[in-house]
Amino acid sequence: MSGSGTGGDSPLRRALAGLVRAAEPPAGAVVQFVERVGAVDAWAAVRDRSAPAAVRAATRARLADLDPSALDARADADLDTGAAVGARIVGAGDAEWPTAAFVAFPLAAARGVSGAAAPVGLWLRGLPLTGVPDRAVTMVGSRACTGYGRRVAGEISAAVAAAGAVVVSGAAFGVDTAAHQAALLGGGRTVAVLACGIDRAYPAANARLLEEIAAAGTVVSEYPPGGVPARHRFLVRNRLIAALAAGTVVVEAGRRSGTLSTAAAAGQLGRLVMAVPGPVTSALSVGCHLLLADRFAQLVTDGAGVLTAIGIAAADPVPPIGVGRDPRHPTDGLDPEVARVHEALPARRSVPAADLVVESALPGATVVAALAVLELAGLAERDGPLWRRADRHAR
């Protein structure tokens, strides 16, 4: 498939936009039809209601009573909406299409894995999807993660980014946010896969983070512009998060966590699954322990172990950050670098971690890890994507 054309005047881009809106993922019948006849001819057949029965069944609800010209106009409107936020649409055969990552889908489908279908097309903001899956690591975990989970996710992601690899996650709160932030602050690349339209920020509090990812990495969606987030879309989206990396690391997950669906998808796609152990008393580590007990996942505890597991050489490690506090003087026992980050936190307002990098003059990965230490010590608090000082007795 040619990669030429970027707007409503391109039959290929119009076809891809139309097909993405017409079919709810995963749409295996539509993908197979596109593979046989190409996106332009497939779109013509879909809008004219002359496609094979399986394709008509997958697209009927979205076509409603719209005639072909109205369907083309709707596709053009999506292209305009995407362009307004700096997004472009790509499909199989384009130079930006992650062919190596998506080869796993037909192989899994041949083994009888349900829902193992590549996207019909992808909306992208930011850099091309290079380095996936071989030089990429997926980081997933609980939205309501503990300070321990946030610290581990940040430290592993910082190590992955420092090694020149890509950090893939879903831009949710908790582990996802920590992973993206650590990669960005370390000057690395990160990919956020959305369960909504490319023009939406979800969660809304991560709007700034998504802008930062689009500037230094890639934001990805297989849903049309305006698409709303929904539970089933998060579960479907998880197969892409797993496919785009050589291995998936589960940092924290409860017994019934949706994060485990990403681990399952990774296993089904032939990707390495890794899990970080946690306290046996923590409900948020039960899912990780079950993965390890079932030998479904390989145990990892740091970035070097993750990189070794997927065959990437680690860069120089980030210096360890420790805390040995005197409970009578909470800040006195802080490691010097942690203390510098604490001093950089304003007393009466919240700031992004990037501001703390500037104020403390420390590397981004060090700041992210230090914030996790301060949170565990009760000296820093998260305020959405921002941070604030939590103690009331600071100098």
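The values are calculated or read from the model by the stated rules, or taken from the named source; none is laboratory data. Source: prediction; values computed, not measured. Every residue, glycine as well, gets a Cβ built from its backbone with ideal geometry; the counts of neighbours run over all protein chains shown.
Based on this model, can you work out whether A54 counts as more than 23 Å from A110 (Cβ to Cβ) and either modelled with pLDDT of 95 or more or touching a strand residue (DSSP E or B) at 6+ places or on another chain (Cβ under 8 Å) (or both)? No: the conditions fail for A54. In the stretch 46-55, of all residues being hydrophobic (A, V, I, L, M, F, W, C) and part of a helix (DSSP H, G or I), the one that is surrounded by the fewest Cβ atoms within 10 Å (Cβ to Cβ) corresponds to A53.
Selection over the stretch 56-103 of residues that are under 17 Å from E222 (Cα atoms), part of a helix (DSSP H, G or I) and among the small types (G, A, S) gives a count of 6.
Going through (1) under 16 Å from the mean Cα position of the chain (by Cα); (2) in a loop (DSSP other than H, G, I, E, B); (3) surrounded by 24 or more Cβ atoms within 10 Å (Cβ to Cβ) one by one, A263 falls short only on (2).
The residue list G91, G170 contains one member that is modelled with pLDDT of 95 or more, assigned by TED's automatic domain parsing to the domain that holds R36 and either acidic (D, E) or touching a helix residue (DSSP H, G or I) at 6+ places or on another chain (Cβ under 6 Å) (or both), which is G91. Could you tell me whether the stretch 191-203 includes any residue that is buried (at least 23 other Cβ atoms within 10 Å of the Cβ), closer than 18 Å to V306 by Cβ and either outside the structural domain of V167 (by TED's automatic domain parsing) or under 12 Å from the mean Cα position of the chain (by Cα) (or both)? Checked the stretch 191-203: at least one residue is buried (at least 23 other Cβ atoms within 10 Å of the Cβ), closer than 18 Å to V306 by Cβ and either outside the structural domain of V167 (by TED's automatic domain parsing) or under 12 Å from the mean Cα position of the chain (by Cα) (or both). Among the residues making up the stretch 119-138, those that are assigned to a strand (DSSP E or B), closer than 23 Å to A17 by Cα and of a type in the set (A, V, I, L, M, F, W, C) are L122, W123, L124. Residue-level check: of (1) in contact with a Phe, Trp or Tyr (Cβ under 7 Å, 6 or more places away or on another chain); (2) under 18 Å from G28 (Cβ atoms), T59 misses just (1).
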